[in-house]
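Only one structure is covered here, and it is reproduced in the block below.
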Amino acid sequence: QVKCKIGPSILNADLADLSKESEKLLDSGADYLHLDVMDGHFVPNITFGHPVVKCLRSKIKEAFFETHMMVSKPDEWIVPMADASVDQYTFHVEASEDVAKTSRKIREAGMKVGIGIKPNTEVTVIDEYIELADMVLIMTVEPGFGGQKFMEKMLGKVRYLRENYPGLDIEVDGGVGLGTIDACAQAGANMIVSGSAVTSSDDPRKVIQQLRDSVNS
Ligand code: DX5
Ligand code: ZN
């Protein structure tokens, strides 16, 4: 089993206090931050965009920032997010008109490339782009909201990717907490997003540690 990194999602945290919440998660042992960007078109919800991410970066210099771009026009925000010093830009295969082109643009802008797929998208759509991706994100809920129920069936996609691409970074996102993380890691995921399980706890440090112990011991 590959070693897992834990990247909390701040979606259900106090977004009016984003920097404090982010610092708390990093101090609590988070390996990276998963920042959920929603545009109200690709998903029925709005969060924040590159101006907010840039302000957050000005306060938090060191951490690895992944932006999960739940937006209809992923190409539009590549340069602004690179300008905000984002480390990894994860977009959705369903949103891009030309996945190869979007991936190349992200690389040219100096960021790592994440390609995400929604629950109803076949995992095999990824095969032709695998050389261009640093990471593949398997959504384990319909994107749009935190706190939803984990879709166990999605683990088949994770297994498929791990079997075919042993060195690939594979992320799961949605409904992942203490009850579901083991199955994700066993299937082959090595980047674990956990939102409400971490941010709703009074003791995020303890939850992150428990998540880590559960998969990395
Ligand atoms: C859902 C987001 C997730 C979400 C995860 O659209 O992409 O990152 O915040 O939150 P939980 O872990 O609560 O499902
Ligand atoms: Zn997300």
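Structure summary
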item: Subset tally (residues that are buried (at least 16 other Cβ atoms within 10 Å of the Cβ), of a type in the set (Gly, Ala, Ser) and closer than 21 Å to residue 146 by Cα) for segment 41-84; result: 1
item: Condition met for residue 112 (crowded, with 18+ Cβ neighbours inside 10 Å, more than 16 Å from ligand 1 (Cβ to nearest atom) and in contact (Cβ under 8 Å) with a residue 12 or more places away in the chain); result: no
item: Breaking point among (1) more than 30 Å from residue 62 (Cβ to Cβ); (2) charged (D, E, K, R); (3) in contact with a helix residue (DSSP H, G or I) (Cβ under 7 Å, 6 or more places away or on another chain), for residue 105; result: (1)
item: Answer residue from segment 64-90, given it is more than 16 Å from ligand 2 (Cβ to nearest atom) and of a type in the set (A, V, I, L, M, F, W, C) and is farthest from residue 113 (Cα to Cα) among those; result: 84
item: Any hit, segment 19-30, residues being within 14 Å of ligand 1 (Cβ to nearest atom), under 18 Å from residue 195 (Cα atoms), without any contact (Cβ under 8 Å) to a residue 60 or more places away in the chain and outside any helix (DSSP H, G or I); result: no
item: Residue that is surrounded by fewer than 16 Cβ atoms within 10 Å (Cβ to Cβ) and not in a helix (DSSP H, G or I), where the choices are 171, 142; result: 142
item: Candidates 136, 176 - the one that is within 11 Å of ligand 1 (Cβ to nearest atom) and buried (at least 17 other Cβ atoms within 10 Å of the Cβ); result: 176
item: In segment 38-63, the residues that are without any contact (Cβ under 8 Å) to a residue 40 or more places away in the chain and hydrophobic (A, V, I, L, M, F, W, C); result: 46, 48, 52, 53, 55, 56
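Throughout, read-outs are computed from the coordinates displayed, never taken from laboratory work. Just so it is clear, the model here is predicted, and its values are computed rather than measured. No Cβ is skipped: glycine too gets one built from the backbone with ideal geometry, and neighbour counts run over all protein chains shown.
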